[in-house]
Amino acid sequence: MVNIGPMIMSFFPGDNDLRTWLDLGLLTWFFTAAVRASVVGTPKEIELFANKLHGFYSESFRNWGDAEDVERDLLIGFWMGWFIWLAFPATLTQGVTATTLTGGLGYALGPLFLILHVMAAGVLTLLIRFIASWGGPISRAFGSFGSQPFSQALGWALIPISLWCLINGVFYANDIGVLSVFNG
């Protein structure tokens, strides 16, 4: 979800200033998502997507697992997506778009790499849940609190990181002259 914007933008020609504006928009979204998570719990976009996704599951699966479980998994994936984007901002841009734009076999490999990236993120989310299960009764006790306190704790933990990233992004945009329209 987070990496899709830069990936789609890289298919179209344009100057790097547009990419910087997109990055500033994403960093603002990261900061506001952390603030909203710290106050109300799960960000609304995750809650909405989890409820829609839970509705697509079969009835037996919906009876077995609550929408809150889907919400928690999506929340882990959402924050993991932010960390992947912060660590490797050009992962999908270089791994998918550059491969696709090479032509020939790249037209088939690009979408395949996108599927592999999505599957790797899903496996990483499952691995995080698996490691969390090692806590046994302690993990179950924390899990019984529900996703609300978990989301709020993540939000509070991510506010300083997201604020630092946003400020750094603004400084970078100012240094390369993107924000000169505001400086006169």
Item to complete: Residues being of a type in the set (Ser, Thr, Tyr) and in contact with a Leu (Cβ under 9 Å, 6 or more places away or on another chain): count how many of those fall in segment 37-62.
Response: 2
Response to the item:
Within segment 74-90, residues being among the small types (Gly, Ala, Ser) and either loosely packed, with under 15 Cβ neighbours inside 10 Å or over 11 Å from ALA121 (Cα atoms) (or both) number 2
Item to complete: Give just the number: which of (1) at pLDDT below 90; (2) under 17 Å from the mean Cα position of the chain (by Cα); (3) among the small types (Gly, Ala, Ser); (4) over 27 Å from LEU126 (Cβ atoms) does GLY25 not satisfy?
Response: (1)
Discussion item. Being aromatic (Phe, Trp, Tyr), exposed (fewer than 14 other Cβ atoms within 10 Å of the Cβ), without any contact (Cβ under 8 Å) to a residue 24 or more places away in the chain and closer than 17 Å to LEU27 by Cα: is that true of TRP134 here?
Written reply: no
Worksheet entry | Every residue from segment 10-39 that is in contact (Cβ under 8 Å) with a residue 24 or more places away in the chain and aliphatic (A, V, I, L, M) | LEU24, LEU26, LEU27, ALA33, ALA34, VAL35, ALA37, VAL39
Fill in: The one condition in (1) at pLDDT 90 or above; (2) of a type in the set (Phe, Trp, Tyr); (3) part of a loop (DSSP other than H, G, I, E, B) that PHE30 fails to fulfil
(3)
Worksheet item: Of all the residues that make up segment 42-97, how many are touching a Lys or Arg at 6+ places or on another chain (Cβ under 9 Å), outside any helix (DSSP H, G or I) and within 21 Å of GLY5 (Cα to Cα)?
Response: 1
Fill in: Answer from THR32, THR93 - the residue that is surrounded by 17 or more Cβ atoms within 10 Å (Cβ to Cβ) and not basic (Lys, Arg)
THR93
Worksheet item: Taking MET1, is it part of a helix (DSSP H, G or I) and in contact (Cβ under 8 Å) with a residue 40 or more places away in the chain?
Response: no
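The values are calculated or read from the model by the stated rules, or taken from the named source; none is laboratory data. What you see is a predicted model, and the numbers here were worked out from it, not measured in a lab. So basically every Cβ, Gly included, is an ideal-geometry build from the backbone, and we count neighbours across all protein chains shown.
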